[in-house]
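Got a structure for you, questions after.
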Amino acid sequence: MKRFRPQPGFVVQAYRFALDPNASQEAALRSHCGAARAAYNWAVGWVSASWWQRRAEETYGVAETMLTQWRPWSLPALRKAFNAIKTTDPRFANWWEENSKEAYNTGLANASAAFDNYAKSKSGERRGKRLGAPRFKSKRKGRLACRFTTGTIRVDADGRHVTLPRLGTIRSHEPTAGLLTRVQAGTARILSVTVRHERGRWFASFQAEVKRDFGRVTRPDVAVGIDLGVKSLAVMADSTGEIRTVPNPRHYDGALKLLRRACRTVSRRQGPDRRTGRKPSKRWEKANAAR
């Protein structure tokens, strides 16, 4: 997927709103996210199949020039291969038309990025911990998410609804005035939206190009040195000798407190037991999802 570069004087900013979909809309949201997962798993299997085939052929002494060709994992290549099989493959033929093309494009784009990261990590071009080859996403444990980049994407004029491709108009749980005001004033342009299910609620994250008026520096002749720490978040000393300390907001301590409370709530619910085959209660599943 091509990376978007904002124009001079503009920045890319995200606006996140909780949604209140009805039963049919939630079913459509889950269907789109499931389609993205299915497309991702297909792409991982399609590319990996050529890898395993080459390994098997090498064990039989097949010459290098006669080995199965590597299958490409670029997004255009995956999209072309998927479009060729979606009407005949029994995994997609009966239901692929029920969802927007953006749902499948989400899965293919994620698979392409996963293979790119794996290849760069293996060759040493990517910093950080060594990444393994992409794996299939579980239907039970996979995160529900889908990204839309084309079609009707807007925040409605009433400030309490959003409109998404193939999903229609969905009520938002909170006002969308922060983005709506800028769009109406012409200082913001919506680029894409990602719907995601987290902790029992649906969210819509709008990516928008927003115009920013950068103010002039108050003291352009003064240099500032910043020392980041733990006890204090930052200590700033400028060339005039003025020293300013920014205290640590202690977000980690606050998060631990909430986690302890959530864990106590989970411990009071009837959870799963593999020895007896007991299934978790609905209250345990709800409390565990909020942890």
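Rule-based calculations on the coordinates, nothing more; no lab input. All figures in this text were calculated on a predicted structure; none of them were measured in a lab. Glycine gets a Cβ as well: all are built from the backbone with ideal geometry, and neighbour counts include every protein chain shown.
Springs between alpha-carbon atoms under 10 Å, Gaussian network over the chain: tell me which of 19, 256, 131 tops the mean-square fluctuations.
Ranking 19, 256, 131 by mean-square fluctuation puts 256 first.
A further question on this structure: What is the Cα centroid distance between segment 251-291 and segment 208-225, reported in whole angstrom?
46
Let me ask something else about it. Along the Cα-to-C-beta direction of residue 218, a point sits 7 Å from the Cα; which residues of segment 233-254 have their amide N less than 18 Å from that point?
234-247
Round to a whole angstrom and tell me the spacing of the C-alpha centers of segment 83-115 and segment 185-200.
Using only Cα atoms, the two centres lie 22 Å from each other.
Once you put a point 7 Å from the Cα of residue 55 and another 7 Å from the Cα of residue 13, both along the Cβ direction, what distance in nm separates them?
4.9
Could you compute the FRET efficiency for residue 257 and residue 67, with r as their C-beta to C-beta distance and R0 at 51 Å, rounded to 0.05? Walk me through the numbers before you get to the answer.
Details: r = 57 Å, r/R0 = 1.12.
My answer for the efficiency is 0.35.
Moving on to the next point. Please work out, to two decimal places, the log10 of the ratio I(q)/I(0) at q = 0.08 Å⁻¹ from a Debye calculation in which every Cα of the chain carries one identical scatterer.
At q = 0.08 Å⁻¹ the computed log10 ratios are -0.56.
Any lysines with Cα under 18 Å of the residue 80 Cα? List them, leaving off those in the same chain fewer than 8 positions away.
Candidates past the 8-residue exclusion: 2, 101.
Below 21 Å, Cα to Cα, which lysines can residue 231 reach? Residues fewer than 8 away in the same chain don't count.
Straight-line reach from residue 231, under 21 Å: 257.
Let me ask you something else. How large are Rg and Dmax for segment 29-123 when calculated on the C-alpha trace, in angstrom?
Looking at segment 29-123, its Cα Rg and Dmax stand at 15.0, 49 Å.
If neighbour count is taken as other Cβ atoms inside 10 Å, put 65, 88 in order from fewest to most. Before the final figure, lay out the partial values.
Working: 65 5, 88 8.
The most exposed by this proxy come first: 65, 88.
Sticking with this structure for a sec: Hey, how much of the P(r) for segment 150-282 falls beyond 24 Å, as a percent of Cα pairs? Walk me through the numbers on the way to the answer.
On the way: 5646 of 8778 pairs.
Summing the P(r) tail past 24 Å for segment 150-282 gives 64 percent.
OK, next. Considering the options 151, 39, 181, tell which one lies farthest towards the positive end of the dipole of the chain, charges being +1 on Lys and Arg and -1 on Asp and Glu at the Cβ, about the Cα centre.
Of the options given, the answer is 39.
Mind jotting down the three principal axis lengths of segment 134-218 based on Cα atoms? Whole angstrom, largest first.
Taking max minus min along each principal axis of the Cα atoms, segment 134-218 gives 51, 34, 25 Å.
While we're on this one: Only sites in a loop by DSSP and with at most 12 other Cβ atoms within 10 Å count here; which chymotrypsin sites (Phe, Trp or Tyr not before Pro) in segment 85-123 make the cut?
Working: sites: 92, 95, 96, 104, 115, 118; in loops: 92, 95.
Sparse-neighbourhood loop chymotrypsin sites (Phe, Trp or Tyr not before Pro): 95.
Under the 0.36 nm per residue contour assumption, what length would be gained going from the current alpha-carbon distance of residue 226 and residue 173 to full extension? Please list the in-between numbers first.
Values: separation 53, 0.36 × 53 = 19.08 nm, distance 4.02 nm.
Gain on extension, residue 226 to residue 173, equals 15.1 nm.
Of 139/282; 120/141; 86/129, which ones are farther than 25 Å apart at the Cα? Could you put the intermediate results ahead of the total?
Working: 139/282 19 Å; 120/141 27 Å; 86/129 36 Å.
The answer is 120/141; 86/129.
Here's a follow-up. Size of the dipole of the chain about the Cα centre, Lys and Arg at +1 and Asp and Glu at -1 on the beta carbon, nothing else charged, in debye to 20? Can you show the working numbers first?
Numbers: 57 positive and 24 negative charges, 295 e Å.
Charge dipole of the chain: 1420 debye, to the nearest 20.
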